[in-house]
Amino acid sequence: MTSEALYAAVALALFGLGWAGLLLKAAPLRKLIALNVMSLGALMLLVAFAWRPDAPPDPVPHALAITGIVVAVAATALGLVLIRRVRADRDR
Amino acid sequence: MVSPDAALAALFVLPLTGALAAFAAPRAAAALAIGVSWANAALVGGLYGMVGARIALGGHAAPLGVALRLDGLAWPFLALAGALFAFAASATAGRALLAKPGAAALWLTLLAGLNALFVSADAFNLYITLEVVSLAAVALTALGGPAAGAPALRYLFVSLGGSIFYLAGVAFFYRATGALDIGLIGAAGLSGPALAAPLALTTLGLLLKAGAAPFHFWLPPAHAAAAPAASALLSGVVVKAALYVLIRLWTDAAPPEALDAAAPVFRVLGLAALGVGALGAFRATRLKALIAFSTVAQIGYAPLALGFAAGSPLAVQALVAFMAAHGLAKGAIFLAADGLRRANGHDALDSLADPGSRLGPTKGAIGLGVVALMGLPPSGGFLAKWTLAEAATAQGHWWMAPLLAGAAVLTGVYMLRLVSALVRAPACADGDAPRGWSALALAVAAVALGFSGPMLSALMLAEAAP
Amino acid sequence: MTDALLLIAAPVMPLLAAALAMAAPRRLSMLGLAVAAAPALVAGLTAGGAEAELPGFLFGAQLRLEPDLAPALAAIALVWGAAALHGRAEIADGPDSRRYKACFGISMAGQFATLLARDMASFYAGFAALSFAAYGLVAHKGTVEAMRAGRVYAVFVVMGELALFTAFVLIAAAQAGLAPPVETGVSAPALVWWLLLAGFGVKAGLVPLHVWLPLAHPVAPVPASAALSGATLKAGLVGLLVFAPPALAAPPHYGEALIWLGFIGAFGAALLGVAQRDPKVVLAYSSVSQMGLALALLGAAAHGLAEPAPARAAVLLFVVHHALAKAALFLGVSSGAPRMVTLVGLGVAALSLTGAPLTLGYAAKAAAGAAAPVLGPVLSVAAFGTAALMARALWLVVRQAPARTSRIKATAFGALVLGLASAPLMLAASVVPSTATAAAAALAPALAALALGFGLSLLRVRWPAPPPGDLVVLADPIGAALERSSRFTGSTADAPRSAAALQDEAPPDEGALWRETGVAMAVVLLAVALAALGAATR
């Protein structure tokens, strides 16, 4: 098994785990965490695909993954704010 | 003469600068948003002459550079966004929304994201712009008031989930082709699992983000809970952004054989959306819920048309006409519905009353908007229906003609629930309701799209050129 | 150049007048509607053979006034103009009148477009505008009966539009172009012919699609009835001439079916109509009867019993004649002229419909008889039915309280009667019977009806009146059930729903929604992936 396949398999497992969490967990915070796991899976897929048999890793997917992480951070922040707001509205 | 580089870059530099300025100067933010929205509309109008331009931003070529492309498919979507943002910002509903803290910056960020999305030529930039659009749209939705928090959160979850599926698909595309540019991916001529995996992942993600049935459950609550001007943008153009990427992928990145094979899936999805949306609209009790469910139904025309687009530019043209006509008409109706709600003091469908003759433009907007949504001639919707029916019949699917006409009837019957309020006595006091000129302008544009047939054909031909 | 402008102005002016009616107050706008019919009238009188283009409209609109269609355009324009003028006195000002005027203008524009369009998209646009806007004319009064008539009309119109849209798309796909079959000479598949028959049959009052007609006429305002019966019915006939032309080979049984349905309409409507008690219902049934004859003539041509060219000419002459005569009769119900003048005018129109010598009706009947000799006896017998209907209608008009005199109404009525009386001269139609026998035969129906009517009125016979709309009565239980089950028929405002009822919109179970979405995601993912895989192995 190449290290690419191993990484990709782990990435897909993370992706599936996150997906299941998004669908099955009721609490908004858990859904948000599940989404983060899922997005880690997708980004790790990029990292895995950077692997080249007899050359240094392809830098392009790495750049994409870093950009993706920034996007995920922004989305998570917005999610947290919204969760807090929904809670505040409910408690009022 | 402005260079294409500067003009294309201005599409997102202008609104982004505006957003920063709005953030820095909250007092001038609303006026700034209105001004930039109109400037953007003018810019897009001027770009019509540059259709066919393709640039690498700052001279950095793909894959790490940012390549932009303005073709015949992109321009109608840019124009739709330009018109909607300009008129929605000037409407009373738009000014009310923009007066809220932070709204103007979000408004302009959304515009920048959409513009960038429509001219992006590579799959990863499309991911980034899809995310910018989604986050700004979710935040705008949340500004709709206390009731909007939960729908906005659900919208965020679905939209993020969709983006991640899309990103995973892009990763597989890169693995298979070493390219991110949509055209290069298409040129690689993928087949087998290397094509199936990324195509399925991206398609699923985009359908989720577009609210296409059966993934529509988040859409009506979000579009109904948002502020009226935000609803006009969400239904009018934001859902179209995901559909636009879907069209791009299936017409430019996937081989025609794949689209041909997947056509039955898309047809089923389209028909399901038409049915589910109509059913929801029949059962809605609130004005905005009715309009939002109508969006669910009308989105169905996109997969339906895609189901006939294999090797048929005519069906793609119909799809673009559908999107443009629906976007303008739906924007008009959301804005007009706000006037109706203000005049009545509530928005319970069964007891809405005629707002009187001062709201003539509002009533006209609803009337013309319904004409365009039903696809009666000479509206843009009719152009779309006729073109799609012709494309489908030419492929042997003559049942599409009565089906499309039947869908128009269905639309007419549920929209009658709204229209009947306008002929129902007694008239209510119209209070301080806006007269609705912006809504009327959008509705007139939706009907006048019926005159755009030759222009659309010309744009589609421009796209076909290399 | 001027002719081209006239052709474009014909449908555009009524649209502008409709827009003006929405914006401008009061009676001025109704006068605008009457003036808006002028370009079409002038075009019909002077611009036969003219062509024009509107390149941006839909797929590029082609307008052309066929020389033999020009008299029909003129007559129909005169009907719309007179009806608009009459409406200026008849329709009370108010918020409702704006809607009426807008619908009137859009209908008028639509009808002119159907007469001029030489591409299917524009024809359909005009036809749909006419069909949908005429709903506003039928339901204008807003009474229970008017709303019912409007609903029945809407159901038939929607079915008709479905059939037509399908037929047009099929034609366009079959011949790869938007020119109508009358120009391309390409005969469409059989299905298309039947769809066209259904779609245009609704408009032309083809039995059994006619039932909306006797319901709509009594409840619509008088000028709207005149326009509906005088003008809009002809859109169906002209549509058949253009899209299912006599010159092309019809599918098997098409001609037979049209002949028999036409006969049933011609005689059945006379029987049902003569027993009615409302002059406008009698006139409506007379329209069904007359249209039945014209449709039978088209059927005869499709079945090979008549030469195509004379049949087309006869149908078009019939269009001119019936448009003017029937519109004059409807306006005569509330003519605004002194009683004697009204009676003379109605007499002229009624005599013309029975085909009496020296009238345009004689020429129309003669042309039909010459085109399809087999129809000769039928036309003669039908003339007796028409005469009975006319006697009945005139009797009912005479008995009703005289309308208040109105110069405007009288002008409109007079214009139509004059148009009808002078049409034979303008068309150079032969209206003088060649033999004394022919003259006697042409005059006989009118005389017989007079004698019969006189006798019956002496005997004071009364008979039960069948319900207007005949066959639709069968559908009433269904309609009632539909109405009960739906909340949105529009005529009545439901009580405001309680706040609790509005809460229903909250989704039932968030968890279930997400789980269902998950299943749907898996299904779509697999379906797309398998389809793409399948494509590769092909």
Subject >> C-alpha long axis of helix B:74-90 to longest principal axis of chain B, angle in ° >> reply: 30
**OP:** In nm, give the distance between the simple-model label positions of C:Asp509 and B:Ser351, each being 7 Å from the Cα along the Cα-to-Cβ direction.
**Re:** 3.3
**OP:** Sequence neighbours fewer than 8 away in the same chain don't count; with that in mind, list the lysines whose C-alpha is under 27 Å from B:Lys288.
**Re:** B:Lys100, B:Lys209, B:Lys240, B:Lys330, B:Lys363, B:Lys385
Original post:
How big is the stretch C:171-229 by the Kirkwood estimate over distinct Cα pairs, in Å?
Top reply: 13.7
**OP:** Determine the share of chain A's accessible area contributed by carbon and sulfur atoms, expressed in whole percent, with a 1.4 angstrom probe.
**Re:** 72
**OP:** Sort all Cα-Cα distances of the stretch B:206-247 into consecutive 5 angstrom bins from zero, then give the percent of pairs in each bin up to the one containing the longest distance.
**Re:** 6, 26, 30, 25, 11, 2
Subject >> Long-range HN-HN contacts of C:Ala61 with modeled amide H, under 5 Å >> reply: C:Leu54, C:Gly56
**OP:** Work out from phi, with θ = phi - 60° and the Karplus expression 6.51 cos²θ - 1.76 cosθ + 1.60, the ³J(HN,Hα) of each residue of the stretch B:105-114, listed in order in whole Hz, and give x for Gly and Pro.
**Re:** 4, 5, 3, 6, 4, 4, 4, 4, x, 5
**OP:** Give a residue-ordered list of calculated ³J(HN,Hα) values for the stretch B:199-208 (Karplus: 6.51 cos²θ - 1.76 cosθ + 1.60, θ = phi - 60°; whole Hz; x for Gly, Pro).
**Re:** 5, 5, 5, 5, 4, 4, x, 6, 5, 4
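Kindly provide the Kirkwood hydrodynamic radius of the stretch B:217-326 in Å, to one decimal, from all pairs of distinct alpha carbon atoms. It would help to have the intermediate numbers written out before the result.
Details: mean 1/r = 0.0699 Å⁻¹.
Here the Kirkwood hydrodynamic radius works out to 14.3 Å.
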**OP:** Would you list which lysines come within 25 Å of C:Lys365, measuring only between C-alpha atoms, while excluding same-chain residues fewer than 8 positions from it?
**Re:** C:Lys203, C:Lys234, C:Lys280, C:Lys326
Original post:
Among C:Leu271, C:Ala74, C:Ala176, whose Cα sits farthest toward the positive end of the charge dipole of the stretch C:2-465 (+1 at Cβ of Lys/Arg, -1 at Cβ of Asp/Glu, about the Cα centre)?
Top reply: C:Leu271
**OP:** Could you tell me how many degrees, from 0 to 90 and to the nearest 10, lie between the Cα long axis of helix C:510-537 and the main elongation axis, the longest principal axis, of the Cα atoms of chain C?
**Re:** 90
Subject >> When the stretch A:18-92 is reduced to its Cα atoms, the Kirkwood hydrodynamic radius in Å >> reply: 14.0
Subject >> HN-Hα J in Hz across the stretch B:312-325 - Karplus 6.51, -1.76, 1.60, θ = phi - 60°, x for Gly and Pro >> reply: 10, x, 4, 5, 5, 4, 4, 4, 4, 5, 4, 4, 5, 5
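Sequence gap at least 6, Cα distance under 8 Å: using those rules, report the relative contact order of the stretch B:173-251 to the nearest whole percent.
On the way: 43 pairs, mean separation 22.6, N = 79.
This gives 29 percent for the stretch B:173-251.
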**OP:** Could I have the simple spin-label model distance between B:Tyr48 and C:Val374, label points 7 Å from Cα toward Cβ, reported in nm to one decimal?
**Re:** 5.7
Original post:
What translational diffusion coefficient, in µm²/s and rounded to a whole number, does the Stokes-Einstein relation yield for the stretch B:1-254 at 10 °C and a viscosity of 1.306 mPa s, taking the hydrodynamic radius as the Kirkwood radius over Cα pairs?
Top reply: 87
Original post:
Once amide H atoms are placed 1.01 Å from N in the peptide plane, what residues at a sequence separation of 5 or more from B:Asp181, or on another chain, have their amide H within under 5 Å of its amide H?
Top reply: B:Ala123
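Contour minus end-to-end for A:Ser3 and A:Ala55, with contour as 0.36 nm per residue of separation and end-to-end as the Cα-Cα distance? Could the numbers behind the result be given before it?
Values: separation 52, 0.36 × 52 = 18.72 nm, distance 1.38 nm.
Residue separation times 0.36 nm, minus the Cα-Cα distance, leaves 17.3 nm.
Evaluate the relative contact order of chain C (contact order divided by residue number), counting alpha-carbon pairs under 8 angstrom at least 6 apart; express in whole percent. List each step's numbers first, then the result.
Values: 883 pairs, mean separation 69.4, N = 538.
Computed over chain C, the figure is 13 percent.
With 20 Å as the cut-off, how large is the P(r) tail for the stretch B:36-129, expressed as percent of Cα-Cα pairs? Could the numbers behind the result be given before it?
Working: 1824 of 4371 pairs.
The share of Cα pairs beyond 20 Å in the stretch B:36-129 comes to 42 percent.
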Original post:
Other chains' Cβ within 10 Å of C:56-62 residues: what's the mean?
Top reply: 5
Subject >> Kirkwood Rh, Cα atoms: Rg over Rh of the stretch C:34-150 >> reply: 1.02
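Starting from the Kirkwood radius over alpha-carbon pairs of chain B, derive D by Stokes-Einstein at 20 °C in a medium of 1.002 mPa s and give it in µm² s⁻¹.
98
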Original post:
So for the protein assembly as shown, taking the charge dipole from beta-carbon charges (+1 Lys/Arg, -1 Asp/Glu), which of B:Trp75, C:Leu85, B:Ala401 sits furthest toward the positive end?
Top reply: C:Leu85
Subject >> Normalised per residue, the volume of the convex hull around the Cα set of the stretch B:287-364 (Å³) >> reply: 77
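Roughly speaking, what % of Cα-Cα pairs in the protein assembly as shown are separated by over 45 Å, rounded to a whole number? Present the calculation step by step, with values, prior to reporting the outcome.
Working: 230565 of 600060 pairs.
Taking all Cα-Cα pairs of the protein assembly as shown, the fraction more than 45 Å apart is 38 percent.
Taking every residue in B:264-274, how many Cβ atoms of other protein chains lie within 10 Å of its Cβ, on average? Please list the in-between numbers first.
On the way: counts 2, 8, 3, 0, 2, 4, 0, 0, 1, 0, 0.
The mean count of partner-chain Cβ atoms within 10 Å per residue comes to 2.
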Original post:
Rg/Rh for the stretch C:271-362: what does it come to with C-alpha atoms and Rh from Kirkwood?
Top reply: 1.04
**OP:** List the equivalent ellipsoid semi-axes of chain C in whole Å, largest first, each obtained as the square root of 5λ for an eigenvalue λ of the Cα gyration tensor.
**Re:** 41, 29, 25
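Can you compute the FRET efficiency between A:Ala27 and C:Ala275 using 1/(1 + (r/R0)^6), with r the Cβ-Cβ distance and R0 = 56 Å? Round to the nearest 0.05.
Values: r = 75 Å, r/R0 = 1.35.
Working from the Cβ atoms, E equals 0.15.
Given the C-alpha atoms of the stretch B:256-466, compute the convex hull and give its volume per residue in Å³.
Details: hull volume 21.8 nm³, N = 211.
Considering the Cα atoms of the stretch B:256-466, their hull volume per residue is 103 Å³.
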Original post:
Given R₀ = 56 Å, FRET efficiency for B:Leu20-B:Leu461 by Cβ-Cβ distance, to 0.05?
Top reply: 0.90
Original post:
Taking the Cα atoms only, what angle lies between the long axis of helix C:190-204 and the longest principal axis of chain C, rounded to 10 degrees?
Top reply: 60
**OP:** Tell me which residues come under 5 Å, amide H to amide H, from B:Arg286 once H is placed; ignore anything under 5 positions away on its chain.
**Re:** B:Leu349
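The values are calculated or read from the model by the stated rules, or taken from the named source; none is laboratory data. These figures come from a predicted structure and were not determined experimentally. FYI the Cβ positions are ideal-geometry reconstructions off the backbone, even for glycines, and counts take in every protein chain you see. Note: areas computed on protein heavy atoms with side chains; ligands, DNA, RNA excluded. Shrake-Rupley method; radii C 1.70, N 1.55, O 1.52, S 1.80 Å.
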